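The values are calculated or read from the model by the stated rules, or taken from the named source; none is laboratory data. Because the structure is a prediction, the values reported are computed rather than measured. Ideal geometry is used to build each Cβ from the backbone, glycine not excepted, and the neighbour counts take in all protein chains shown. Just the protein is used for accessible areas: all its heavy atoms, side chains included, with ligands, DNA and RNA removed. Shrake-Rupley method; radii C 1.70, N 1.55, O 1.52, S 1.80 Å.
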Amino acid sequence: CFNQGHSGAVNGCCYNKDGSRMYSASSDGTVREWMSDAPFKCMAIIIGHYGAVHNVAIATSGRHLFSVAEDCTLRAWLKVKLEGPPAPNTPVSRAGSRPFTTGVRASANSETDLEWFQWQQIAIFASPF
């Protein structure tokens, strides 16, 4: 996850319902998803804001994430389960995250196939100010 940490100040954070994931909002314009087990491991970097991200909140389902930033937007994100690993050199969109795996196997019979996820932006709420 690009040297793990944020390149700017951390402005806010939250945990998911079971405490296994932490989400941090930073002045570097990103939101990051972390595994809460020590040592913290960055799972995903979510991009899309044009300025410092002030705070982040996760829905109890763990599939919806909300971030608010200096660009006067509140963005809604959806954690999508992918069909399989991404193709090599898959381009990254301007809003969302690169595909990532949590290390969980796709099935009990599989030793190598992992579940893959991606955060995708689903809504932008902008302030006129």
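If I go through region 28-40 residue by residue, how many of them are modelled with pLDDT of 85 or more and over 20 Å from residue 96 (Cβ atoms)?
Of the residues in region 28-40, the ones modelled with pLDDT of 85 or more are 28-36.
Next, only the ones that are over 20 Å from residue 96 (Cβ atoms) stay: 36.
Summing the residues that are modelled with pLDDT of 85 or more and over 20 Å from residue 96 (Cβ atoms) in region 28-40 gives 1.
For region 50-129, please list each of the strands (runs of 3 or more DSSP E) lying entirely inside it that holds at least 1 residues being modelled with pLDDT under 75 and among the hydrophobic types (A, V, I, L, M, F, W, C). Before you say what the answer is, go through the steps one by one.
Numbers: elements: 53-58, 64-69, 73-81, 100-105, 114-126.
Correct list: 100-105.
Look at region 1-41 and say how many of its residues are more than 15 Å from residue 58 (Cα to Cα) and basic (Lys, Arg).
Final tally of qualifying residues: 1.
Can you pull out every residue in region 1-15 that is modelled with pLDDT of 90 or more and open to solvent by 30 Å² or more (accessible area, probe 1.4 Å)? Walk me through it before giving the result.
Step one: of region 1-15, the residues modelled with pLDDT of 90 or more are 9-15.
9, 10, 11, 13, 15 - these are the residues of region 1-15 that are modelled with pLDDT of 90 or more and open to solvent by 30 Å² or more (accessible area, probe 1.4 Å).
Could you please give the count of residues in region 17-49 that are open to solvent by less than 30 Å² (accessible area, probe 1.4 Å), outside any strand (DSSP E or B) and among the polar types (S, T, N, Q)?
Qualifying residue count for the region: 2.
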